[in-house]
Amino acid sequence: MTNAKTMNNFAFFGTPRFAEIFLSEIVRKGVVPSLVVTNPDRPAGRKKELAPPPVKVLAEKHGIPVFQEKLETLNLKLETQEHGFGLVAAYGSIIPKSVIEIFPKGIICLHPSLLPELRGATPIQTALLEGREETGVSLFLMDEKVDHGQILSERKIAISENDDYVSLEEKLAKSGAELFIEIMPEYLSEKLSPIPQDESRATYTKKFPREAAFVPEAELKDALAGKGARQVSAKIRAFSKEPGAWTIISPGSSTSLGKLNFRNPTQVKLLACEIVEGKLKLTKIQTESKKAQIL
């Protein structure tokens, strides 16, 4: 029989905003992990001061114990606390088989795509870059291979024309939380049968260097005039969180960036946009050493 004590006897692995949104949603529904495992504090901002990951901030707010040491030292802590299962959402480090095997019911992982499509580190960015109209979330049983384990459940999510990385990330994290709440009683009572992934349908994503977010000025001009607008829009929306799509504007350029005039080649971040009558319209930009501005 599954009860609240059983549901809350788990360790949560997560680090960035996606994991924080997911964790916040399940905690709001009364499903609270007995331990949070997250990456160490890291330098952030111009001053490079140590800052805690979003998941740590949320966990401490709710009084949940936090573990930030190396995974090699995690085994003993987990073994002494006897957690029923593990739950992962964007942890940011590979979890070794030795840790997975500690949990009697394994580790369940949330991935923001419809597996086996878009395995890897950048499924949200890739879905936007490819101009997909649909993506989703998958809950699967983790094994030693990346995003490879048996599927517990999946849910499709529509991608709107105005979705950027931040908005789609939130949709997927919240949908994943809803799906987890729904299926976990069945899984814990062994009424849910995991299904192997179809390897013939597997696709893989890759990490993007900053150069991938570059939009040549000529391409930007064409998009503003209506040629290739959706492709440039997809790039701006995919990289809206980081590093930000960017271009180099030439001196005296006729590129439409509001009333801005440039005397020297100037790097400009393209932070937000929309499509109006088939043409790209920039709605938020940031020039070198300046604050972001709405157009």
(1) surrounded by fewer than 20 Cβ atoms within 10 Å (Cβ to Cβ); (2) in contact with a helix residue (DSSP H, G or I) (Cβ under 9 Å, 6 or more places away or on another chain): which one isn't true of Pro116, the others all being true? (1)
Subset of region 23-46, residues of a type in the set (A, V, I, L, M), assigned to a strand (DSSP E or B) and modelled with pLDDT of 85 or more, comes to Leu35, Val36, Val37
Any chance region 21-30 includes a residue that's surrounded by 17 or more Cβ atoms within 10 Å (Cβ to Cβ), under 18 Å from Gly86 (Cβ atoms) and over 20 Å from the mean Cα position of the chain (by Cα)? no
Go through region 1-22 residue by residue and tally those that are touching a Gly at 6+ places or on another chain (Cβ under 6 Å) and either outside any strand (DSSP E or B) or at pLDDT 95 or above (or both). 3
Please go through region 226-249 and pick out each residue that is of a type in the set (Gly, Ala, Ser) and either in the same structural domain as Ile159 (by TED's automatic domain parsing) or touching a residue at least 12 places away in the same chain (Cβ under 8 Å) (or both). Gly226, Ala229, Ser233, Ala234, Ala238, Ser240, Gly244, Ala245
Could you pull out the residue among Leu192, Leu172, Leu168, Leu220 that is part of a loop (DSSP other than H, G, I, E, B), of a type in the set (A, V, I, L, M, F, W, C) and surrounded by 14 or more Cβ atoms within 10 Å (Cβ to Cβ)? Leu192
Contact list, first residue from region 129-141 and under 30 Å from Phe103 (Cβ atoms), second anywhere and among the acidic types (Asp, Glu), beta-carbon distance below 6 Å, six or more apart or interchain, is Gly136/Glu154; Ser138/Glu154
Output the number of residues of region 74-98 satisfying the condition of being modelled with pLDDT of 75 or more, of a type in the set (Ser, Thr, Tyr) and in a helix (DSSP H, G or I). 1
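The values are calculated or read from the model by the stated rules, or taken from the named source; none is laboratory data. Because the structure is predicted, anything quoted here is derived from the model rather than measured. Please note: Cβ atoms are built from the backbone with ideal geometry, for glycine as well, and neighbour counts cover all protein chains shown.
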